[in-house]
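Student: I'd like to ask some things about the structure below.
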Amino acid sequence: MSFEVLDDRHGQVIRKGQGQVVQLACNRASAAGSVSQRACTFCGSRVVLYPIADALHVVHGPIGCAAYTWDIRGALSSGPELHRISCSTDLRERDVVFGGEQPLESTTRRLFDQHAPRAVFVYATCIAGVIGDDVAAVCRGLEADLGVPVIPVMAEGFRGNKRDGYNAATRALLSLIGRGDTTRIQKASINLLGDFNVAGESWIIRKYFERMGIEVVSVLTGDGRVQDIERAHGASLNVVQCAGSMTPLAKAMEREHGIPYIRVSFFGIEDTSDALYTTAKLMDDPAIMDRARALVREEAQRVLPELRELKQRLQGKRAALYVGGAFKAFSLVRALRQLGIVVRVAGTQTGSAEEYEELQGVCDDGTIIVDDTNPVELSQFLVAEDVDVFIGGVKERPVAYKLGIGFCDHNHERKIPLAGFEGAVALARELHATANSPVWNLMPRRSPRRREVTT
Amino acid sequence: MNASVRDEVPKSPRKDGAVNPCTVCAPLGAAVASAGIARAVPLLPGAQGCATYIRRYLISHFREPVDIASSSFGETQTVFGGEDNLARALDNIERQYAPELVTVATTCLAETIGEDLPLILHRYAASRKRALRVVHASTPSYKDGHIEGFHAMVRAVVEQLVEAAPERKRAANVLGPMVSPADLRHLKEVVSAFGLEPILLPDYSTTLDGVILDEYRRLPEGGTELDAIRTMGAALTTLDLTLTGRARRASSTLDQLGATAKLLGLPIGVRATDAVVDHLQAVAGQPPPEWLTLERGRLLDAYADGHKYVFGKRAAIFGDPEFVAAIAHFLGEIGMRPALCATGARNRALRPALEGVAGIEEILDDADFASIETCSKHLELDLLIGSSKGYRTARELGVPLIRVGFPIHDRFGAGRLLHVGYRGTMRLFDELVNTFIEERQQGSSVGFSYL
């Protein structure tokens, strides 16, 4: 391949060949100096737990980690908004020398008194780990005293990548699950795992299930509540959307509470319909399946005319996508194909070997598949593949725009829900608004301006 | 109060944590400083998240590519030291970017595990045939916030790159705080207008506010050239627009080399801009150009036309100390009352810089937005002026927020916001007046079409 890729990243960029599946190198620490788009363990745990709106989230470390995650994404709440304040123990030099346990305890007590949370999550950052604070012991002491769960999240940034942060969040959630009373939960019930209600998606999906007659015991963690999570072990099925972050939790709940799980996606109408049907099938109640069929029919009818119209305008556009986890990538490739868009580049921050095999399976021949890329590589891919629209997060946005290429935020800064049937239309509208904007016609990539003005 | 006394002001007793921080961490400031040096790449020894979070924060403000490398510490490096990773990071940066300079700013993690960066960088240089030029600043965020990290990197660059000057050249150094790219462009224009070569450190006016491209540039165009930085000691003067302790002033080093340092406030308002103009006039030995005089005249004309709309209005100002101090002086000059002046910075330089401003009721150092909000509730404020992070507080209080400084994450065009000079003051004054006019218009049942 003609792209310039660091030796340390050998094997992490491939082009899908005809028919054969290539093993992608992945699950490695980011190459030093590469300018990876990945964050750290803390980030992984923080994004998963962040939407729990009636809990206090105390970031134990110097100010940065809390400051950067203050109100970092939508994570909409229908009630309390405790999660939207940023709490830091704000460790100073003295604490680094003498230890941060005392400031952790006093900060947590002060904030507990002010806000009366239903639980407290204490995130141990790099510094908490290195100075040897016994965060778990402080949490145990506080829990005994305050009478609400005080849960340590062992998420020191250096422990690994975002995936390790998901595992830390899983352990934290598991310590809540099982504490609540499940007697009044109906048989046809689920937990929705891996939707974070960034722009209201959890509400859309929850409504679908409720219309089908399925009780949603908890959403982990979109619009999350401590009490719901404590009862999550009473559901009969776990429906896992963001599989990258939530499969560890689903597996643990299967092991510990005997709850089976399915992996689904609510991006695109095909995947959404599949998700609803698969769930309905497992509910073992024909009435639920009937309602699912009616729902899909009704919703599809509502959105298909506009989708068809948008498809005409998007047909043949070339897309690149770079997202956190592979399951979102699978789903997006399918959703884009339905809109007539060809995916030329598909990458993720944290995909596993099996996931990259599956990603190659859904992509067309010749698609560039990339793990843990960086701006230097991305800019090469966008130009070489003559991409019309790039789908990614905030850090990818300027790479696209600087080259005069359309961009669609499928991450932190999106404000429009992109899940479910209405989300499929919203995504198509977003893609249309960016891929078909007339501003690109003025950009030097499309229309080199003559140096000399002729008179 | 003179600078040496400032440095002795004791730190306040430790608070119980922070809620809604009014600062971010020191390496962010160092990365911004680095962005203003031509063909420089910033490198943060530490865990990957630091670089990524900082990039995200800066990209949301500037809407430009911001590449910051990390040495990507894992557990092994945390236990045994990150020397190998740092050297590999430098090699990879060289391959991907071929920079002229790498600026290394330490994270809390690197500092806490006791990385000896000078030694590590010395060994790196000794082990490579053609080692990259590296400048290193110590920027743990348990010590300082972003603004001190910014000053620390500027100081490191000056101390490690500027050479002794054999003779003077008709140049003026400008050491600013974290102003906008538009501010940097205007400062250059003003200095040039006196026939002096402006050497801004840093100058991210183009690197963080660039043009559209047909080919991606790994290193954005612009920034202060290393050659220009080396000769900063030869300038006639150094305009130091920062507020920080004397020990942290890059201008002291330049002053010792003969580029006489002049401590000036950030030029917002007529008096503060006059001070800069007067100094430039004295150094250059030539009067200001006509356009600058006209801009001053127009600004005074606007003050006359608009003074009543703003008179007696009560504001809270928050953000980097330089902005807070400059805007407080500006508000004083136009008859507003800067009732609350707050900064998240820990350097204690704000209070003395506010001396002589009428109408101040509260000053907060090392503040978070929780304390700003608590304090604001008793002050019957008419408006807030500061970063976009004050939006929640403004919403809570039901008063407008005028966005200035850094960060501005909820509005478009942060890089193009002009704050400094007569021109920037005019823009701010117009915005203030129009904010009050709009409030009056919206609040009126009559719907006046003349106001």
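Student: I'd like the residue in the stretch B:365-383 that is more than 14 Å from chain A (Cβ to nearest Cβ) and in contact (Cβ under 8 Å) with a residue 12 or more places away in the chain and, out of all such residues, is surrounded by the fewest Cβ atoms within 10 Å (Cβ to Cβ).
Tutor: Here the answer is B:Glu380.
For every residue, the table says whether it meets (1) closer than 21 Å to B:Arg56 by Cβ; (2) not aliphatic (A, V, I, L, M).
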| site | (1), (2) |
| --- | --- |
| B:Ala349 | no, no |
| B:Pro352 | no, yes |
| B:Ala358 | no, no |
| B:Ile372 | no, no |
| B:His378 | no, yes |
| B:Glu396 | no, yes |
| B:Arg403 | yes, yes |
| B:Pro407 | yes, yes |
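Student: Go through B:Asp91, B:Asp7 for me and flag whichever is over 26 Å from A:Glu413 (Cβ atoms), of a type in the set (D, E, K, R), surrounded by fewer than 24 Cβ atoms within 10 Å (Cβ to Cβ) and modelled with pLDDT under 95.
Tutor: So the residue among B:Asp91, B:Asp7 that is over 26 Å from A:Glu413 (Cβ atoms), of a type in the set (D, E, K, R), surrounded by fewer than 24 Cβ atoms within 10 Å (Cβ to Cβ) and modelled with pLDDT under 95 is B:Asp7.
Student: Only one of these conditions is not met by B:Glu115: (1) within 11 Å of chain A (Cβ to nearest Cβ); (2) assigned to a loop (DSSP other than H, G, I, E, B). Which number is it?
Tutor: (1)
So that you can scan it fast, the table gives a plain yes or no per residue for (1) over 30 Å from B:Ile113 (Cβ atoms); (2) out of contact with any strand residue (DSSP E or B) (no Cβ under 8 Å at 6 or more places or on another chain); (3) aromatic (Phe, Trp, Tyr); (4) buried (at least 21 other Cβ atoms within 10 Å of the Cβ):
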residue	(1), (2), (3), (4)
A:Pro152	no, no, no, yes
A:Leu174	yes, yes, no, no
A:Gly178	yes, yes, no, no
A:Ile190	yes, no, no, yes
A:Glu215	yes, no, no, no
A:Thr221	yes, no, no, yes
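Student: Taking A:Ala75 as the residue in question, decide whether it is within 16 Å of A:His412 (Cα to Cα) and at the interface with another protein chain (Cβ under 8 Å from one of its Cβ atoms).
Tutor: No, not satisfied.
Student: Could you check B:Lys129 against (1) part of a loop (DSSP other than H, G, I, E, B); (2) surrounded by 17 or more Cβ atoms within 10 Å (Cβ to Cβ); (3) among the charged types (D, E, K, R) and say which number it fails?
Tutor: The failed condition is (2).
Student: Go through the residues of the stretch A:436-443 one by one and say whether even a single one is among the β-branched types (Val, Ile, Thr) and surrounded by 15 or more Cβ atoms within 10 Å (Cβ to Cβ).
Tutor: no
Student: Let me ask you something else. What number of residues within the stretch A:391-404 are modelled with pLDDT under 95 and β-branched (Val, Ile, Thr)?
Tutor: 1
Student: Of everything in the stretch A:335-363 that's assigned to a helix (DSSP H, G or I) and in contact with a Lys or Arg (Cβ under 8 Å, 6 or more places away or on another chain), which residue is surrounded by the most Cβ atoms within 10 Å (Cβ to Cβ)?
Tutor: By that ranking, first place goes to A:Gln360.
Student: Can B:Ser444 be described as of a type in the set (Ser, Thr, Tyr), more than 23 Å from the chain's Cα centre (by Cα) and either surrounded by fewer than 19 Cβ atoms within 10 Å (Cβ to Cβ) or on the phi > 0 side of the Ramachandran plot (or both)?
Tutor: yes
Student: Hey, can you tell me all the residues within the stretch A:365-418 that are among the small types (Gly, Ala, Ser), in contact with a strand residue (DSSP E or B) (Cβ under 7 Å, 6 or more places away or on another chain) and not in a helix (DSSP H, G or I)? Before the answer, list the steps.
Tutor: From the stretch A:365-418, those among the small types (Gly, Ala, Ser) are A:366, A:379, A:384, A:392-393, A:400, A:404, A:406; that's our starting set.
Okay, now just the ones that are also in contact with a strand residue (DSSP E or B) (Cβ under 7 Å, 6 or more places away or on another chain), so A:366, A:392-393, A:400, A:406.
Listed by number, the residues that qualify are A:Gly366, A:Gly392, A:Gly393, A:Gly406.
Student: Determine which single condition A:Gly33 fails, assuming it passes every other condition in (1) buried (at least 24 other Cβ atoms within 10 Å of the Cβ); (2) away from every other protein chain (no Cβ under 13 Å); (3) closer than 30 Å to A:Glu358 by Cα.
Tutor: All conditions pass for A:Gly33, except number (2).
Student: Also: Report yes if B:Ala171 is touching a residue at least 12 places away in the same chain (Cβ under 8 Å), touching a strand residue (DSSP E or B) at 6+ places or on another chain (Cβ under 8 Å) and closer than 30 Å to B:Pro321 by Cα, otherwise no.
Tutor: yes
Student: Could we say that A:Ile72 is touching a residue at least 12 places away in the same chain (Cβ under 8 Å), among the β-branched types (Val, Ile, Thr), under 26 Å from B:Leu109 (Cα atoms) and surrounded by fewer than 23 Cβ atoms within 10 Å (Cβ to Cβ) here?
Tutor: yes
Student: If we scan the stretch A:351-362, do we find a residue that is among the hydrophobic types (A, V, I, L, M, F, W, C) and in contact with a helix residue (DSSP H, G or I) (Cβ under 7 Å, 6 or more places away or on another chain)? First the steps, then the outcome.
Tutor: Start the filter on the stretch A:351-362 by keeping residues that are among the hydrophobic types (A, V, I, L, M, F, W, C), which leaves A:353, A:359, A:362.
This time we only want the ones that are in contact with a helix residue (DSSP H, G or I) (Cβ under 7 Å, 6 or more places away or on another chain), so: A:359, A:362.
Within the stretch A:351-362, one or more residues are among the hydrophobic types (A, V, I, L, M, F, W, C) and in contact with a helix residue (DSSP H, G or I) (Cβ under 7 Å, 6 or more places away or on another chain).
Student: Any residue at all in the stretch B:222-243 that's touching a residue at least 60 places away in the same chain (Cβ under 8 Å) and closer than 27 Å to A:Ala400 by Cβ? Step through it out loud before you land on a result.
Tutor: Of all residues in the stretch B:222-243, those touching a residue at least 60 places away in the same chain (Cβ under 8 Å) come to B:222-226, B:229-243.
The next check asks that each one be closer than 27 Å to A:Ala400 by Cβ; those that pass are B:222-223.
Checked against the condition, which is being touching a residue at least 60 places away in the same chain (Cβ under 8 Å) and closer than 27 Å to A:Ala400 by Cβ, the stretch B:222-243 yields at least one hit.
Student: Let me ask you something else. Looking at this structure, is B:Glu362 in contact (Cβ under 8 Å) with a residue 12 or more places away in the chain, more than 21 Å from B:Arg248 (Cα to Cα) and touching an Asp or Glu at 6+ places or on another chain (Cβ under 9 Å)?
Tutor: Judged against the criteria, B:Glu362 is not a match.
Student: Looking at the stretch A:299-322, is at least one residue in contact with a strand residue (DSSP E or B) (Cβ under 7 Å, 6 or more places away or on another chain), of a type in the set (D, E, K, R) and not in a loop (DSSP other than H, G, I, E, B)?
Tutor: Scanning the stretch A:299-322, I find at least one residue that is in contact with a strand residue (DSSP E or B) (Cβ under 7 Å, 6 or more places away or on another chain), of a type in the set (D, E, K, R) and not in a loop (DSSP other than H, G, I, E, B), so the answer is yes.
Okay, residues lined up against (1) in contact with a Lys or Arg (Cβ under 7 Å, 6 or more places away or on another chain); (2) under 24 Å from A:Phe390 (Cβ atoms):
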{"site": "A:Asp271", "(1), (2)": "yes, yes"}
{"site": "A:Pro286", "(1), (2)": "no, no"}
{"site": "A:Met289", "(1), (2)": "yes, no"}
{"site": "A:Arg297", "(1), (2)": "no, no"}
{"site": "A:Lys311", "(1), (2)": "no, yes"}
{"site": "A:Leu314", "(1), (2)": "no, yes"}
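Student: Inspect the stretch A:420-439 for any residue being of a type in the set (Lys, Arg), part of a loop (DSSP other than H, G, I, E, B) and within 20 Å of A:Gly316 (Cα to Cα) and give the result as yes or no.
Tutor: First pass over the stretch A:420-439, keeping only residues of a type in the set (Lys, Arg): A:429.
This time we only want the ones that are part of a loop (DSSP other than H, G, I, E, B), so: none.
Within the stretch A:420-439, none of the residues are of a type in the set (Lys, Arg), part of a loop (DSSP other than H, G, I, E, B) and within 20 Å of A:Gly316 (Cα to Cα).
Student: Which strands (runs of 3 or more DSSP E) sit wholly inside the stretch A:146-227 and have at least 1 residues that are modelled with pLDDT of 95 or more, more than 20 Å from the chain's Cα centre (by Cα) and more than 26 Å from A:Ala136 (Cβ to Cβ)?
Tutor: Those strands (runs of 3 or more DSSP E) span A:189-195, A:215-221.
Student: Taking the condition modelled with pLDDT of 95 or more and basic (Lys, Arg), does B:Arg427 pass?
Tutor: Numbers: modelled with pLDDT of 95 or more: yes; basic (Lys, Arg): yes.
Answer is yes for this residue.
Student: Could you count how many residues in the stretch B:51-88 are at the interface with chain A (Cβ under 7 Å from one of its Cβ atoms) and on the phi > 0 side of the Ramachandran plot?
Tutor: 2
Student: Now, a different point. Among the helices (runs of 4 or more DSSP H) contained in the stretch A:1-118, which hold 2 or more residues that are of a type in the set (Lys, Arg)?
Tutor: Values: elements: A:41-49, A:63-68, A:93-98, A:101-115.
Filter on the stretch A:1-118 gives A:101-115.
The values are calculated or read from the model by the stated rules, or taken from the named source; none is laboratory data. Every value quoted in this text rests on a predicted model; they were computed, and no experiment measured them. Heads up, the Cβs are rebuilt from the backbone with ideal geometry, glycines too, and the neighbour counts pull from every protein chain shown.
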